[in-house]
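Peer 1: Pasting a structure here, questions to come.
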Amino acid sequence: MTLFAAPVFDATVIVDGNELFKGRGAAEGWAKKLAVEVGNDVTVRKIGGGWVLCGVVDGAECVWGIYGQRLKRIPPADPDGSAAS
C-alpha cells in the first residue's frame, strides 16, 4: 500500500476550505512518511490555524493537506498565509 492510500486519522481543521492537520506533531509525522514516498525533503508550515506539508516533486513545489482521510495536494498559500484561489 502506498502512503497516499493510508488513512489519516489525525485531528484536522478547515482553513480557507482546505482540511489541514490541526497539530504540528501529526503534520511532522506525516511529513517524514511523505518524504520517503516522494524521495525528497518534506517540511511543515502553518497556514491559519492548521498545518500543511510542503515539498518539491519533479521540480514543482507542492503543498499537501487532507481530503477524505487521505493526503491531497492543495493550492499553495499566498505570502499572507491564506490559500490561493
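Peer 1: So the check is Cβ under 8 Å with 6+ separation or different chains; which pairs have a first residue in region 63-74 that's within 15 Å of residue 50 (Cβ to Cβ) and a second one that's of a type in the set (S, T, N, Q)?
Peer 2: As it stands, the answer is 65/18; 66/12; 74/18, since those pairs meet every condition given.
Peer 1: Next up: What is the residue count in region 2-48 for residues that are at positive phi, free of Cβ contacts under 8 Å to residues at least 40 places away in the same chain and either among the aliphatic types (A, V, I, L, M) or surrounded by fewer than 14 Cβ atoms within 10 Å (Cβ to Cβ) (or both)?
Peer 2: Kept after step one, since they are at positive phi, are these residues of region 2-48: 16-17, 39, 48.
Subset that is free of Cβ contacts under 8 Å to residues at least 40 places away in the same chain: 39, 48.
The next check asks that each one be either among the aliphatic types (A, V, I, L, M) or surrounded by fewer than 14 Cβ atoms within 10 Å (Cβ to Cβ) (or both); those that pass are 39.
Qualifying residue count for the region: 1.
Peer 1: Restricting to region 36-48, name every residue that is modelled with pLDDT of 95 or more and either in contact with a Cys (Cβ under 8 Å, 6 or more places away or on another chain) or farther than 18 Å from residue 76 by Cβ (or both).
Peer 2: Once the filter is applied, which keeps residues that are modelled with pLDDT of 95 or more and either in contact with a Cys (Cβ under 8 Å, 6 or more places away or on another chain) or farther than 18 Å from residue 76 by Cβ (or both), region 36-48 yields 42, 43, 44, 45.
Peer 1: Is there a residue in region 21-31 that is part of a strand (DSSP E or B), touching a Lys or Arg at 6+ places or on another chain (Cβ under 7 Å) and modelled with pLDDT of 95 or more? Please lay out each step first, then the result.
Peer 2: First, pick out the residues of region 21-31 that are part of a strand (DSSP E or B): 21.
Among the residues that remain, those that are also touching a Lys or Arg at 6+ places or on another chain (Cβ under 7 Å) are: none.
The answer is no; no qualifying residue exists.
The values are calculated or read from the model by the stated rules, or taken from the named source; none is laboratory data. A quick note: this is a predicted structure, and the numbers were derived from the prediction, not measured. Cβ sites come from the backbone with ideal geometry, for glycine too, and all protein chains shown count toward neighbours.
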